[in-house]
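Data block below; observations after.
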Amino acid sequence: MTPPVATPAGRSAGAFARAAWAAIALPFVAIVMALVVGALIILVSELLVTGRPFQPTLPLTAYQALFVGAFGSFDGLVATFVNAAPLVLGGLSVAIGFKAGLFNIGAQGQFLMGALGSVMAGVAVATWPPFLAIPIAVAAGLLAGAIMGFIPGILKALSGAHEVVTTIMLNYIAVGVLAALVSGPLKVPRSPSPVTYDVGNAAYPIILGRDGHLGILVALAGVAIIWWLLYRTTWGFEIRTVGANPEAARYAGMHPRAVIAFTMTLCGMLAGLAGTGVLLGVSHSMTSSFGTTVGFDSIAVALLARSNPVGIIFAAILFGAMRAGAGLMQIQAQIPVELVDVVQATILLFLVASPVLRALFRLRGVQTELGSTDTITRTYGGEAVR
């Protein structure tokens with residue numbers, strides 16, 4: 001018999017399948033392993049802590065409730081998208097930093113300052129027509145986030161100060177500034193607790209169900225813009241080149257200092273836009289303790305998506321689904337919602353330990369580089385970028 005001859009279409013399909021598996025293998029294994037760890041925690045706590053009759057199927061019940069709560073109804077699906085929207089923008093803010101060889105751990109502070117800027121502007125224009133009030137509030141959030149990103153960017157460019165150190169310090173400054181302003185000049189008079197006025201007409205309109213606001217579309221637009229910037233513009237090429245080799249970029253006529261300052265500013269804008277979305281789309285006002293885990297979850301989202309703008313959508317939906325379904329999981333399985341934090345943190349742990357996973361599961365030919373792991377320490381204590 002004549003052996004079968006592989007057609008070009010067959011070869012291309014096989015090559016595509018191998019490339020797809022190489023890209024998703026480690027994130028997939030990390031997610032599965034994190035779910036296994038979560039199941040073990042459920043079983044151990046059920047056996048040793050709660051005192052209830054042992055139920056070996058409890059992890060399956062918990063995960064089923066988690067899935068149904070996130071995707072089993074229209075309201076659950078909307079809640080998943082609402083939770084995912086700020087994670088998309090926050091993930092982009094971390095991912096684009098990774099592309100430039102920067103570790104933007106300051107997304108949390110940039111998120112808070114974006115929310116603070118938007119509430120200040122939103123309250124000021126609360127009675128204006130929405131088509132004017134919304135853009136002004138969004139622009140204020142973008143500006144506040146951009147400033148928080150520009151500061152570590154310019155320090156890195158001019159002095160070599162590592163962005164991990166400066167952004168961590170700025171996170172604390174952001175928390176302090178927010179608490180001082182909301183407890184002081186922005187506080188509603190005679191309010192029993194520090195809270196600002198409502199943003200009124202500056203709030204995002206509802207476009208999906210009861211809670212699905214305009215921020216969902218803003219997040220998708222952000223993905224399209226960042227993908228275009230990274231892969232279809234000169235600035236994007238310079239960002240990726242500086243991230244790969246700053247010295248080679250400089251010898252090629254690029255300006256790594258300007259690229260670093262620009263990239264960190266863009267990181268701040270995206271994280272600030274995430275905070276703006278939560279403020280204008282969900283809370284509509286701000287307390288002195290305003291804050292979520294979006295800034296830190298964004299790091300895991302960017303790592304899980306390998307800093308790919310399109311992949312960030314799916315990673316954010318996964319994390320958003322966990323948040324949306326956690327309530328039903330707690331009701332039906334009596335599992336605390338904090339299990340979601342454990343699973344998400346474990347996903348991040350396994351992603352960082354990707355070489356171990358590759359050896360353990362014999363994952364040959366898969367991509368082990370997340371495009372970011374070397375940025376944490378690569379320039380720590382180094383010289384200023386030339």
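The values are calculated or read from the model by the stated rules, or taken from the named source; none is laboratory data. Just so we're clear, the structure is a prediction, and the values are computed from it rather than from any experiment. Cβ placement follows ideal geometry from the backbone for every residue including glycine, while neighbour counts extend to all protein chains displayed.
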In segment 80-94, what residues are within 13 Å of Met269 (Cα to Cα) and not β-branched (Val, Ile, Thr)? Pro86, Leu89, Gly90, Gly91, Leu92, Ser93
For the list (1) in a helix (DSSP H, G or I); (2) free of Cβ contacts under 8 Å to residues at least 40 places away in the same chain, I need the number of the one condition that Ile173 fails. (2)
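Answer with yes or no whether Gly291 is surrounded by 22 or more Cβ atoms within 10 Å (Cβ to Cβ) and either touching a helix residue (DSSP H, G or I) at 6+ places or on another chain (Cβ under 9 Å) or within 30 Å of Gly243 (Cα to Cα) (or both).
Numbers: surrounded by 22 or more Cβ atoms within 10 Å (Cβ to Cβ): no; either touching a helix residue (DSSP H, G or I) at 6+ places or on another chain (Cβ under 9 Å) or within 30 Å of Gly243 (Cα to Cα) (or both): yes.
Against the criterion (surrounded by 22 or more Cβ atoms within 10 Å (Cβ to Cβ) and either touching a helix residue (DSSP H, G or I) at 6+ places or on another chain (Cβ under 9 Å) or within 30 Å of Gly243 (Cα to Cα) (or both)), Gly291 does not qualify.
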Just to check your reading of the model, which residue among Val94, Val82, Val119, Val78 is under 30 Å from Ala180 (Cβ atoms) and touching a strand residue (DSSP E or B) at 6+ places or on another chain (Cβ under 7 Å)? Val82
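Residue by residue, here is whether (1) crowded, with 18+ Cβ neighbours inside 10 Å; (2) among the aliphatic types (A, V, I, L, M); (3) modelled with pLDDT under 90 holds:
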| site | (1), (2), (3) |
| --- | --- |
| Met1 | no, yes, yes |
| Ala22 | no, yes, yes |
| Val29 | yes, yes, yes |
| Ala34 | yes, yes, no |
| Leu47 | no, yes, yes |
| Arg52 | no, no, yes |
| Ala62 | yes, yes, no |
| Phe67 | no, no, no |
| Leu89 | yes, yes, no |
Can you tell which of Gly268, Gly272, Gly291, Gly253 is farther than 18 Å from Val164 by Cβ, of a type outside the set (A, V, I, L, M) and modelled with pLDDT of 95 or more? Gly272
Go through the residues of segment 115-125 one by one and say whether even a single one is within 18 Å of Asp297 (Cα to Cα) and either free of Cβ contacts under 8 Å to residues at least 24 places away in the same chain or not in a loop (DSSP other than H, G, I, E, B) (or both). yes
Give all pairs with beta carbons closer than 8 Å in which a residue from segment 297-309 that is within 17 Å of Gly275 (Cβ to Cβ) and touching a residue at least 40 places away in the same chain (Cβ under 8 Å) meets a residue that is of a type in the set (A, V, I, L, M, F, W, C) and not in a helix (DSSP H, G or I); count only pairs at least 6 apart in sequence or on separate chains. Ile299/Ile105
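In this structure, does Ile317 turn out to be touching a Gly at 6+ places or on another chain (Cβ under 6 Å) and of a type in the set (Val, Ile, Thr)?
Numbers: touching a Gly at 6+ places or on another chain (Cβ under 6 Å): no; of a type in the set (Val, Ile, Thr): yes.
Spelling it out, it is not the case that Ile317 is touching a Gly at 6+ places or on another chain (Cβ under 6 Å) and of a type in the set (Val, Ile, Thr).
Could you tell me whether any residue of segment 272-279 is among the β-branched types (Val, Ile, Thr), under 21 Å from Ile105 (Cα atoms) and touching a Ser or Thr at 6+ places or on another chain (Cβ under 6 Å)? Write out each step before concluding.
Of all residues in segment 272-279, those among the β-branched types (Val, Ile, Thr) come to 276, 278.
From the residues that got through so far, the ones that are under 21 Å from Ile105 (Cα atoms) too are 276, 278.
Okay, now just the ones that are also touching a Ser or Thr at 6+ places or on another chain (Cβ under 6 Å), so 276.
Looking for residues that are among the β-branched types (Val, Ile, Thr), under 21 Å from Ile105 (Cα atoms) and touching a Ser or Thr at 6+ places or on another chain (Cβ under 6 Å), one finds at least one in segment 272-279, hence yes.
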Scanning for something in a helix (DSSP H, G or I), in contact (Cβ under 8 Å) with a residue 12 or more places away in the chain, crowded, with 21+ Cβ neighbours inside 10 Å and among the charged types (D, E, K, R), does segment 331-346 turn up at least one residue? no
